[in-house]
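Trainee: Sharing a structure, written as structure tokens. Questions coming.
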Amino acid sequence: MKSVFATALAACMLLACSPKADEEPAEAPPDSTPTPALQRLVGTLSITEDYAIAGKSGAPFLTRKMVLQGKIDQVVQVEESGDSLDVTPEGGAPMRMSGTISETGQLSMDNPDSNSIVKTRGDSTWTGKLGDYELRIARSKLGVGDEIHLRFNMPMDGNMVVKSTHTSGAVTEMGTEGNLMGLSLLEANPSDGKFMFKRDYDLFPKLGQEPTEAFEKQLYDGMKKFPAVVHLGAVTNPGRNAWTYAGTKVYSKPGSETQWTEKVELSFKLVPR
């Protein structure tokens with residue numbers, strides 16, 4: 001009798017300690033990955049572009065100048081994703097930069113011996129405000145530090161007028177309905193014809209050891225051979241939370257009648273919110 005009782009008691013204890021069939025399974029532990037802390041991305045950007053074509057006299061007959069002055073102060077989250085440093089504004093807002101863009105161009109040509117047009121005068125003046133832009137930061141394989149990519153696509157307000165004087169004395173006038181004749185690098189938006197400032201800027205660190213991957217090696221060799229045609233020398237601090245650059249990119253060949261330079265000064269950093 002005692003053995004039967006003991007067996008029954010053991011069975012009851014086993015059933016009492018076992019989970020019930022109708023109980024919900026325990027919830028999985030919450031994701032322990034910490035959410036990146038919010039920071040402020042602050043900084044300044046200055047870009048100046050100068051372009052000129054000289055005539056037979058040596059004096060330029062066409063000049064163009066673009067000036068961009070920008071300031072950044074935006075709350076962001078920053079996460080590392082492979083080689084990239086993803087900078088995401090708070091609340092899913094776009095990256096924004098305050099500031100202005102201006103572009104001016106002048107054309108002055110005289111050809112008194114021509115049998116058609118003896119004089120041409122042109123003027124192009126445009127202004128715009130900075131706003132949404134794209135920023136990409138990625139660890140470079142060409143040198144020590146990050147590569148910085150900036151992309152702008154901003155609407156501009158202004159006008160271009162070119163007046164040509166013919167041998168007969170008649171004057172014809174052309175505006176933006178024609179081509180911009182080098183007086184401007186703005187692009188017309190196909191949807192509404194409004195002129196846009198569409199430009200990309202790439203800043204690279206000082207070249208380091210030669211990479212082994214074929215495409216990167218090709219870029220490296222080209223930059224090493226013609227360092228003036230790219231922006232080299234961007235500096236990333238050891239904490240990877242501050243970036244600076246100051247330098248000039250030269251599009252034209254030395255001694256050419258065309259002179260075309262692009263100067264960029266950048267200072268970005270992440271600070272506590």
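The values are calculated or read from the model by the stated rules, or taken from the named source; none is laboratory data. Note that the structure is predicted; figures quoted are calculated from it, not measured. Every residue, glycine among them, receives a Cβ derived from its backbone with ideal geometry; neighbour counts consider all protein chains shown. Quick note on the areas: whole protein, heavy atoms, side chains included, nothing else; ligands and nucleic acids left out. Shrake-Rupley method; radii C 1.70, N 1.55, O 1.52, S 1.80 Å.
Trainee: Could you list, in sequence order, all residues of the stretch 34-77 that are more than 21 Å from Glu134 (Cα to Cα) and of a type in the set (D, E, K, R)?
Mentor: Scanning the stretch 34-77 gives Asp50, Lys56, Arg64, Lys65.
Trainee: State whether one or more residues within the stretch 189-197 are in a loop (DSSP other than H, G, I, E, B), open to solvent by less than 50 Å² (accessible area, probe 1.4 Å) and either modelled with pLDDT under 95 or touching a Cys at 6+ places or on another chain (Cβ under 7 Å) (or both).
Mentor: Yes: one or more hits.
Trainee: Looking only at the stretch 66-86, which residues are of a type outside the set (S, T, N, Q) and more than 29 Å from Met196 (Cα to Cα)?
Mentor: Result: Val78, Glu79, Glu80, Gly82, Asp83.
Trainee: Let me ask something else. Report, by residue number, each residue of the stretch 208-231 that is touching a Lys or Arg at 6+ places or on another chain (Cβ under 6 Å) and among the aliphatic types (A, V, I, L, M).
Mentor: If the condition is that a residue be touching a Lys or Arg at 6+ places or on another chain (Cβ under 6 Å) and among the aliphatic types (A, V, I, L, M), then no residue fits.
Trainee: Name the residues in the stretch 210-253 that are outside any strand (DSSP E or B), surrounded by fewer than 16 Cβ atoms within 10 Å (Cβ to Cβ) and in contact with a helix residue (DSSP H, G or I) (Cβ under 9 Å, 6 or more places away or on another chain), would you?
Mentor: Passing the criteria: Glu210, Gly222, Val229, Tyr251.
Trainee: Does Glu147 satisfy the condition of being within 17 Å of the chain's Cα centre (by Cα), in a strand (DSSP E or B), modelled with pLDDT of 95 or more and exposed (fewer than 13 other Cβ atoms within 10 Å of the Cβ)?
Mentor: Numbers: within 17 Å of the chain's Cα centre (by Cα): yes; in a strand (DSSP E or B): yes; modelled with pLDDT of 95 or more: yes; exposed (fewer than 13 other Cβ atoms within 10 Å of the Cβ): no.
In short, no.
Trainee: Criterion first (under 17 Å from the mean Cα position of the chain (by Cα), open to solvent by less than 80 Å² (accessible area, probe 1.4 Å) and in contact (Cβ under 8 Å) with a residue 60 or more places away in the chain) does Leu183 satisfy it? It would help to see each step written out before you state the result.
Mentor: Values: under 17 Å from the mean Cα position of the chain (by Cα): no; open to solvent by less than 80 Å² (accessible area, probe 1.4 Å): yes; in contact (Cβ under 8 Å) with a residue 60 or more places away in the chain: yes.
When the stated conditions are applied, Leu183 does not pass them.
Trainee: I need the full set of residues from the stretch 87-137 which are open to solvent by less than 60 Å² (accessible area, probe 1.4 Å), under 24 Å from Phe197 (Cβ atoms) and among the small types (Gly, Ala, Ser), in order please.
Mentor: Once the filter is applied, which keeps residues that are open to solvent by less than 60 Å² (accessible area, probe 1.4 Å), under 24 Å from Phe197 (Cβ atoms) and among the small types (Gly, Ala, Ser), the stretch 87-137 yields Ala93, Gly99, Ser102, Gly105, Gly122, Ser124, Gly128, Gly131.
Trainee: Just checking, which of Phe226, Phe204, Phe215 is under 28 Å from Gly43 (Cα atoms) and under 24 Å from the mean Cα position of the chain (by Cα)?
Mentor: Among Phe226, Phe204, Phe215, only Phe204 is under 28 Å from Gly43 (Cα atoms) and under 24 Å from the mean Cα position of the chain (by Cα).
Trainee: Does the stretch 136-148 contain at least one residue that is more than 30 Å from Lys206 (Cα to Cα), touching a strand residue (DSSP E or B) at 6+ places or on another chain (Cβ under 8 Å) and of a type in the set (S, T, N, Q)?
Mentor: no
Trainee: Condition test on Asp202, is it in contact (Cβ under 8 Å) with a residue 40 or more places away in the chain, among the charged types (D, E, K, R) and outside any loop (DSSP other than H, G, I, E, B)?
Mentor: Judged against the criteria, Asp202 is a match.
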